[in-house]
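Working notes for the structure below.
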Amino acid sequence: MSKVLQNRIGKLNYLRFEPANFSEDKKYPVIIHFHGAGSHGDNVEILKNQSIMQYANDAKDFPFVMFLPQCSANTWFDLFEQLKAFVKTVVALPYVDKNKVFLSGVSMGGYASWQMLMSEPDIFRKAVICCGGGIYWNASRIKTHVWAFHGTDDPIVFFEESEKMVNAVNRTGGNAKLTEYKGVGHNCWEKTYSNPEIYKWLLAE
């Protein structure tokens, strides 16, 4: 049976999802997930409502260990150095398969994800990013394969933000793709994280 535990690394509280029969003596693929603005604060329990967490709890044989840190400031960029330290601490854990570390982010967490891929280009194998954006003129630093998702009618983070990032990554020799949801607004994450294909894609060679 899977478990969800609470803990703290540095100044960041987080939830950890453990798959059934978890053992620290084994190696696991790992997803680090950055939430959006609606989940910041000091109540880490609300991260159990993240769509990716709900999918993990309902799925059979979900193979990933997941880490969901909580932003206690206004934005992830206010804590970005701590967030980088969090990522490096997670990757150093003995049960983490260093070749299968994946990044996931939504909205504010999507912006943080793009920035993390530029700041730490050698950590993540693949990333799933929903309705984010970033400094597209710096996209040449991104080595990670990215699958981005965005609603075309998003009034909060415009669809073009993902489009610019994906195009910039590919233009500079990287590997990124964009799925657009026609007529969908800001919430593109429920549809994304309920799709088993994204988890197959993460683990595919």
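The values are calculated or read from the model by the stated rules, or taken from the named source; none is laboratory data. Keep in mind the model is a prediction, meaning the values are calculated, not measured. All Cβ positions, even for glycine, are placed from backbone atoms using ideal geometry, and neighbour counts span all protein chains on display. Surface accessibility is based on the protein's heavy atoms, side chains included, excluding ligands, DNA and RNA. Shrake-Rupley method; radii C 1.70, N 1.55, O 1.52, S 1.80 Å.
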On Cα atoms only, tilt of 108-119 relative to the major axis of the chain in degrees: 90 degrees
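When a/c reaches 1.5 or more, the comparison of a/b and b/c decides; with that in mind, is the range 73-181 rounded, prolate or oblate per its Cα gyration tensor? All intermediate terms of the calculation are to be shown ahead of the outcome.
Working: a/c = 1.83, a/b = 1.40, b/c = 1.31.
It comes out prolate by the Cα gyration axes.
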At q = 0.11, 0.15 Å⁻¹, what is the base-10 log of I(q)/I(0) for the chain according to the Debye formula with one equal point scatterer per Cα and no solvent? Please give it to two decimals. -0.45, -0.89
What is the spin-label model distance, in nm, from SER194 to SER23 if the labels are put 7 Å beyond Cα along the C-beta direction? 3.6 nm
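Quick one: with all protein chains in place, what share of the accessible area of the chain is carbon or sulfur, to the nearest percent (1.4 Å probe)?
Working: 4560 of 9470 Å².
It is 48 percent, rounded to a whole number.
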By how many nm would the segment from ASP42 to ASN7 grow when fully extended, if each residue of separation counts as 0.36 nm and the alpha-carbon distance is taken off? 11.4 nm
Restricting to Cα pairs under 8 Å and 6 or more apart, the percent relative contact order of the chain works out to 18 percent
Rounded accessible area per residue of the range 28-120, 1.4 Å, Å²: 36 Å²
Roughly speaking, what is the centre-to-centre gap between the range 123-182 and the range 61-107 when only Cα atoms are used, to the nearest Å? 19 Å
FRET efficiency for ALA204 and ASP153, using Cβ-Cβ distance with R0 set to 22 Å, rounded to 0.05: 0.15
For peptides 99-112, 127-140, sequence by mean Cβ density within 10 Å, most packed first: 99-112, 127-140
